[in-house]
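As structure tokens, the structure follows; a few thoughts come after it.
The values are calculated or read from the model by the stated rules, or taken from the named source; none is laboratory data. All values reported here derive from a predicted model rather than from experimental measurement. Neighbour counts run over all protein chains shown; Cβ positions are idealised from the backbone, glycine included. With ligands, DNA and RNA removed, areas are computed over all heavy atoms of the protein, side chains included. Shrake-Rupley method; radii C 1.70, N 1.55, O 1.52, S 1.80 Å.
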Amino acid sequence: MQYRPFGRTGINISTLGFGAMRLPSNPVDGKTVYDEELGIQIIQRAFELGVNYVDTAPYYCDGESEVIVGKALKGWRDKVYLSTKNPIEDSSGANWRERLEKSLRKLDTDHIDFYHMWGIDWETYEKSIDVPNGPLAEAFRAKEEGLIRHVSFSFHDVPESMIRLIDTGHFETVLCQYNLLDRANEQAIAHAHEKGLGVVVMGPVAGGRLGMPSAAIKNLLPGKINSSAEIALRFVMANQGVTCALSGMSSMAMVEENARVASNAAPLTAAELLQIENSMNENKKLADLYCTGCKYCMPCPFDVNIPLIFELMNQHRVYGLTEHAREQYAQIGKNEWMPGKNAEACTECGLCETKCPQSIEIRRQLKESHAALG
Ligand code: SF4
Ligand code: SF4
């Protein structure tokens, strides 16, 4: 396992982190039942292989992740750094503290090493975090009491906001999105590194998309890698601003494979990175020909989620991630992350095409998308 200094915290953490958001489960009578025993085993196997950073959150795995992680930490607590998160539901420091205490109980521990303001943006920071008697003041109090060791944030906003949050000087580490398909935070990651913040990356395999077999991705470095997931992880780890890539692992095989990749001491060479970058830029150009995701065509009066459908279509036709694209297409309208309707709901009114700067024949392409993914 490789280790890197975690910003200026004085701690070295493994380049691979255990993301406990997809712990093993089985469907029982239409419900998801988490396999606690197997969950504990695979987390502990990751620890045995040198992973020393585990990340959970109150709502992961229907609220069970923190409990399972807490059990997996028995016997490992002094060797592994624990990260969890506090959802900013309001601007009350007292309520924030209650949520912290609840996490400590569920995790059955007396402290959290890296405690994140969860999924924040700049507006939330200004209006609900850095306010009198608010979460930030409460976090510093909890730190003085030893309940948390480091104040961190996880982030889902535009990169400019990440830079502003870093520049407040209040945070020691940041957790953000970064992968081969989404490099929007690259500058902000470099800025965090420069300012001495540790950077943990979530979604290194793009929520599983890059874990699916894809010739287009695997061929970025022909003959040198075993899987698309390997190149995705190695790409993220090649960025020296990144301290750790979190992978949401749900099986023993994934743990073994990811640990093998993270133990590869030879980083991608500058020439290999350039080769990957050039190929991905070509792919992106091709994807943008189909749809840039600008959303100008929205809203559709019939609730068709055009940009999402075309994004999935691009995953299929540009990156060859067909299996994943089909699975996601089937989820449109079924959860809050995939709102709206699929292409079947299009009445061909034509309104969207009058607004698309790419002059995409949206109606025709929606039909093609439904035929390919529906
Ligand atoms: S053509 Fe279809 S997708 Fe476009 S606005 Fe009309 S119903 Fe919506
Ligand atoms: S306006 Fe055109 S390019 Fe933009 S999201 Fe809609 S279809 Fe894609």
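For this structure, a couple of remarks:
- Among the residues here, MET252 does not qualify as within 14 Å of ligand 2 (Cβ to nearest atom) and over 20 Å from the mean Cα position of the chain (by Cα).
Matching residues to (1) touching a Cys at 6+ places or on another chain (Cβ under 6 Å); (2) touching a residue at least 40 places away in the same chain (Cβ under 8 Å); (3) of a type in the set (Asp, Glu):
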| position | (1), (2), (3) |
| --- | --- |
| ARG99 | no, yes, no |
| LEU104 | no, yes, no |
| GLY134 | no, yes, no |
| PHE153 | no, no, no |
| ASP157 | no, no, yes |
| SER161 | no, yes, no |
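- Taking the criterion of being hydroxyl-bearing (Ser, Thr, Tyr), in a helix (DSSP H, G or I) and surrounded by 20 or more Cβ atoms within 10 Å (Cβ to Cβ), the only residue of the stretch 306-345 that qualifies is TYR329.
- Count of the stretch 144-168 residues, restricted to those that are part of a helix (DSSP H, G or I) and either hydroxyl-bearing (Ser, Thr, Tyr) or within 17 Å of ILE120 (Cα to Cα) (or both), is 9.
- The strands (runs of 3 or more DSSP E) located wholly in the stretch 1-116 that include 2 or more residues which are open to solvent by 50 Å² or more (accessible area, probe 1.4 Å) and closer than 21 Å to LEU175 by Cβ occupy 3-5.
- Any hit, the stretch 321-334, residues being among the aromatic types (Phe, Trp, Tyr) and more than 16 Å from ligand 1 (Cβ to nearest atom): no
- Among residues of the stretch 290-304, those that are near ligand 2 (Cβ under 10 Å from one of its atoms) and open to solvent by 20 Å² or more (accessible area, probe 1.4 Å), counted: 9
- Taken together, the criteria exclude GLY63 from residues that are under 30 Å from ARG97 (Cβ atoms) and touching a strand residue (DSSP E or B) at 6+ places or on another chain (Cβ under 7 Å).
- Annotation: of all residues in the stretch 338-359 being more than 10 Å from ligand 1 (Cβ to nearest atom) and free of Cβ contacts under 8 Å to residues at least 40 places away in the same chain, the one that is nearest to ASP288 (Cα to Cα) is SER359.
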